[in-house]
Amino acid sequence: MEDIIKENNYPNTCPYCWEKINPKKLAETKLNEWWGKETFEGIFTCNNKKCNRTFTTLYEHSFFPTYTIERNSNIIYHPKLKIFNEEIEKIFEKFCKIYNQSFIAEENQLEEIAWIWYRKAFEFLLKDYLIHNRENEEEKAEIISNTSLTYLINKYINNNKLKEIAEKCAWLWNDHWHYLVKHTEQDLEDLKNILDIIIHFIEMDLWFKKYSKIQKK
Ligand SMILES: [Zn+2]
């Protein structure tokens, strides 16, 4: 079969060394077809001798109205994302999304950005958990609008262990937000472990509520 990705459509910069290049095409494969549009992947090797890296480029090829080949973008490799249990994914959809985007940032060596976004994930988890447990509309409104997590933790969490660990999580993250960090002995891994404890607590609480409804017959 004739090649779809022709030489004049080859990428002219390398996503690793960012030099102007004339890459060598190793292969091309069709990914999918949708409403007259086909998506192709081209695999190239950089011809800069100091680089020599192999990379993939996406192409979109449409039949109608004109025959076009376009180089779309270089593919970004995503790490394997964290899979949360079904109930957590359902109730805390935003938390799961922000958590995994923070994880992608972390895996791409954007540690400082990951710090901030894991903190945002924690806020969504906590607030959605507190809202999920409440019927009272006034209380829900306060949880949504109040920006002090420590205040909300103290007012709305009854379980002492969860209260203690959530509070630590809030002030450790707060500390890392500032120019001068006081808690230098805790790193991002520690904070993620603490966040894991909170996730497990919430999972346990959801399961307890589900199964404690069973009545003896
Ligand atoms: Zn290169």
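Throughout, read-outs are computed from the coordinates displayed, never taken from laboratory work. Since we're looking at a predicted model, the values are computed, not measured. Positions of Cβ are backbone-derived with ideal geometry, glycine not excepted, and every protein chain shown enters the neighbour counts.
Assorted remarks:
- Computed from the Cβ-Cβ distance with R0 of 35 Å, the FRET efficiency linking Lys140 to Glu19 stands at 0.05.
- Potential lengthening between Ile116 and Glu2 on full extension [0.36 nm per residue; Cα-Cα distance subtracted]: 36.2 nm
- The stretch between Glu107 and Ile197, if pulled fully straight at 0.36 nm per residue, gains 30.2 nm over its current Cα-Cα span.
- Under the criterion of Cα pairs below 8 Å and six or more residues apart, the relative contact order for the chain equals 9 percent.
- Degrees between helix 160-177 axis and first principal axis of the chain (Cα, 0 to 90, nearest 10): 50 degrees
- Net charge of neighbours whose Cβ lies under 12 Å from the Cβ of Glu106, counting Lys and Arg as +1 and Asp and Glu as -1: -3
- Computed Rg/Rh of the chain, alpha carbon atoms with Kirkwood Rh: 1.15
- C-alpha long axis of helix 93-107 to longest principal axis of the chain, angle in °: 60 degrees
- Of all lysines in the structure, those lying under 19 Å Cα to Cα from Lys163, and not within fewer than 8 positions of it along the same chain, are Lys120, Lys127, Lys140, Lys155, Lys192, Lys209.
- Estimated distance in nm for a label pair at Glu89 and Thr184, the labels positioned 7 Å out from Cα along Cα-to-Cβ: 4.2 nm
- Charged neighbours of Phe124, selected by a Cβ distance under 11 Å, balance to +2 (K, R count +1; D, E count -1).
- Extension gain, Asn154-Thr56: 0.36 nm per intervening residue step, less the Cα-Cα distance, totals 30.2 nm.
- Longest site-free stretch - the chain; sites: GluC sites (Glu not before Pro), DSSP loop, at most 12 other Cβ within 10 Å: 3-134
- Tail fraction, Cα-Cα pairs, segment 86-211, threshold 23 Å, whole percent: 30 percent
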